[in-house]
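*Asks:* Could you have a look at this structure, given as structure tokens, before my questions?
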Amino acid sequence: MKNKLGFLLLALCSGAALAASHSSQTPTSKQARELLATVCRGGAATGACTTCPDFVGEGGLEGTMTPEAVTYGKFLNNKDTYALLDLSGCEAHVNNFGGSVLLRWRGLTRWDFVKYLPGLRSGDCLKYPALNYPAPGGRETLLCEGGYAGMGIVDTSLFPVDLARYPAGTSDQPDYGTLFILEDSTQACLRTASVQTLLSWQQVKLNGDALPDLRVKVRSGFGKTGLTPEQCGDSVPGIPTRAYTLDYLFDGRNFVPTQATRAVLKQLLKDNPYLLGN
């Protein structure tokens, strides 16, 4: 059941609401047409690919690939502007029904294709300065929210994405790693279940350096469902949960939990032993 704890956990479930304070945004009709001009085999003018692009898992087949969100930034260097476009469609469940395309701005009306990352759903991300910060015009990395559902278990994760780590022009599936993986197993027909939800995550200042840090709020609990295999599908009685705050210091490359957060993580691991991808 836990063989999905690798790359698949990192994909954002299509249709999730974007956080207003985050860097990702829903593209306007004009933005969608401009971004898709170098992506689609056809249909860019309508705001969606009407045939699956050649580079996706179902390339060339009949199908629709729709832009869900876009994040702009200086992801590969500190000179060019890039767009990471979250696309839904033309991929199987194993690739989270979509992926992300990285594009580079090359003129007044032109975006160039850089690479496609199948399974990476980048619909809700925050930009962070990369290691060369605070140099003027420094490169940027991302922290994104992802999710995966299967066999009655719903996982939610936060994961860093440094697009400069992976060669342009490839469609490899890199392992981005995760900060944590929250789990809700109340629909898995188990005698006991984890109940974990992500309440909020935002940039904050936690120390005296020039870099933004991270604060995350979650709810977590673990308990008996009272179900037997014959009762699969019945509603699960409420399992008590508590609210927790997780603080991470960002050093330009990694998110490091504070000492107080390490203690919280130990408690969350009791509710969900797969919290850190074990």
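*Asks:* Among what's in the stretch 54-71 and is open to solvent by less than 40 Å² (accessible area, probe 1.4 Å) and under 22 Å from the mean Cα position of the chain (by Cα), pick the residue that is farthest from T109 (Cα to Cα).
*Replies:* Residues of the stretch 54-71 that are open to solvent by less than 40 Å² (accessible area, probe 1.4 Å), as a first pass: 56, 59-60, 63, 65, 67, 69-71.
Applying the additional criterion that residues be under 22 Å from the mean Cα position of the chain (by Cα) yields 56, 65, 67, 69-71.
Details: V56: 24, M65: 22, P67: 18, A69: 19, V70: 17, T71: 17 Å.
Applying the filter and picking the extreme gives V56.
*Asks:* On to the next question. Cβ-Cβ distance below 8 Å, separation of 6 or more or different chains: which pairs start in the stretch 59-84 with a residue that is farther than 18 Å from L117 by Cα and end on one that is assigned to a strand (DSSP E or B) and of a type in the set (V, I, T)?
*Replies:* As it stands, the answer is L61/T51; E62/T51; G63/T51, since those pairs meet every condition given.
*Asks:* Next up: Residues in the stretch 104-112: is at least one among the hydrophobic types (A, V, I, L, M, F, W, C), within 22 Å of the chain's Cα centre (by Cα) and at pLDDT 90 or above? Working first, answer last.
*Replies:* The first filter runs over the stretch 104-112 and keeps only residues among the hydrophobic types (A, V, I, L, M, F, W, C), leaving 105, 108, 111.
Remaining after also requiring within 22 Å of the chain's Cα centre (by Cα): none.
No - not one qualifying residue is present in the stretch 104-112.
*Asks:* If you scan the stretch 103-127, which residues turn out to be out of contact with any helix residue (DSSP H, G or I) (no Cβ under 9 Å at 6 or more places or on another chain) and not in a strand (DSSP E or B)? Write out each step before concluding.
*Replies:* Here is the first cut: in the stretch 103-127, the ones out of contact with any helix residue (DSSP H, G or I) (no Cβ under 9 Å at 6 or more places or on another chain) are 104-108, 112-113, 116, 122-127.
Across the stretch 103-127, the qualifying residues are R106, G107, L108, S122, G123, D124.
*Asks:* Quick one: count up the residues across the stretch 72-107 that are open to solvent by 20 Å² or more (accessible area, probe 1.4 Å) and hydrophobic (A, V, I, L, M, F, W, C).
*Replies:* Residues in the stretch 72-107 being open to solvent by 20 Å² or more (accessible area, probe 1.4 Å) and hydrophobic (A, V, I, L, M, F, W, C): 5 in total.
*Asks:* How many residues are open to solvent by less than 60 Å² (accessible area, probe 1.4 Å), among the hydrophobic types (A, V, I, L, M, F, W, C) and more than 21 Å from V94 (Cβ to Cβ) when one looks only at the stretch 31-53?
*Replies:* 7
*Asks:* Before we move on, is R110 open to solvent by 20 Å² or more (accessible area, probe 1.4 Å) and free of Cβ contacts under 8 Å to residues at least 40 places away in the same chain? Don't jump to the end; show me each part of the working.
*Replies:* Details: open to solvent by 20 Å² or more (accessible area, probe 1.4 Å): yes; free of Cβ contacts under 8 Å to residues at least 40 places away in the same chain: no.
When the stated conditions are applied, R110 does not pass them.
*Asks:* For the stretch 224-262, which residues satisfy the criterion of being open to solvent by less than 60 Å² (accessible area, probe 1.4 Å), more than 14 Å from D184 (Cα to Cα), modelled with pLDDT of 90 or more and not in a strand (DSSP E or B)?
*Replies:* Matches in the stretch 224-262: T258, T261.
*Asks:* Right, next: Please go through the stretch 72-97 and pick out each residue that is more than 22 Å from the chain's Cα centre (by Cα) and polar (S, T, N, Q). Full working, then the answer.
*Replies:* Residues of the stretch 72-97 that are more than 22 Å from the chain's Cα centre (by Cα), as a first pass: 78-80.
Scanning the stretch 72-97 gives a single hit, N78.
*Asks:* Out of the residues in the stretch 263-278 that are under 16 Å from T178 (Cα atoms) and either open to solvent by 60 Å² or more (accessible area, probe 1.4 Å) or not in a loop (DSSP other than H, G, I, E, B) (or both), state the one that is modelled with the lowest pLDDT.
*Replies:* By that ranking, first place goes to N278.
*Asks:* Of all residues being open to solvent by less than 20 Å² (accessible area, probe 1.4 Å), among the hydroxyl-bearing types (S, T, Y) and modelled with pLDDT of 85 or more in the stretch 152-192, which is farthest from L276 (Cα to Cα)? Just the residue, please. Talk me through it step by step, then tell me what you get.
*Replies:* Of the residues in the stretch 152-192, the ones open to solvent by less than 20 Å² (accessible area, probe 1.4 Å) are 153, 155, 157-159, 161, 163, 174, 176, 180-183, 185, 188.
Imposing the further condition that a residue be among the hydroxyl-bearing types (S, T, Y) reduces the set to 157, 176, 185.
Next, from what is left, pick out any that are modelled with pLDDT of 85 or more: 157, 185.
Details: S157: 10, S185: 16 Å.
Here the residue is S185.
Yes or no, residue by residue, for (1) in contact with a Ser or Thr (Cβ under 9 Å, 6 or more places away or on another chain); (2) modelled with pLDDT of 95 or more; (3) not aromatic (F, W, Y):
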| site | (1), (2), (3) |
| --- | --- |
| D54 | no, no, yes |
| E58 | no, no, yes |
| T71 | yes, yes, yes |
| L76 | no, no, yes |
| C90 | yes, no, yes |
| N96 | yes, no, yes |
| Y116 | yes, no, no |
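*Asks:* Keeping to the stretch 204-223, report how many residues are under 27 Å from H22 (Cβ atoms) and either of a type in the set (A, V, I, L, M, F, W, C) or part of a strand (DSSP E or B) (or both). If you could, list the steps in order and put the result at the bottom.
*Replies:* Going through the stretch 204-223, the residues under 27 Å from H22 (Cβ atoms) turn out to be 204-221.
Narrowing the set further to residues that are either of a type in the set (A, V, I, L, M, F, W, C) or part of a strand (DSSP E or B) (or both) leaves 204, 206, 210-211, 213-221.
Qualifying residue count, the stretch 204-223: 13.
*Asks:* When you check S100 against the structure, is it at pLDDT 90 or above, within 20 Å of the chain's Cα centre (by Cα), of a type in the set (S, T, N, Q) and outside any strand (DSSP E or B), yes or no? Show your work before the answer.
*Replies:* Working: at pLDDT 90 or above: yes; within 20 Å of the chain's Cα centre (by Cα): yes; of a type in the set (S, T, N, Q): yes; outside any strand (DSSP E or B): no.
Answer is no for this residue.
The values are calculated or read from the model by the stated rules, or taken from the named source; none is laboratory data. Remember, predicted model here, so these are calculated numbers, not experimental data. For neighbour counting, all protein chains shown are included, and Cβ atoms are generated from backbone atoms with ideal geometry for every residue, glycine included. The protein model used for the area step is the full one, side chains on, heavy atoms only, and it has no ligands, DNA or RNA in it. Shrake-Rupley method; radii C 1.70, N 1.55, O 1.52, S 1.80 Å.
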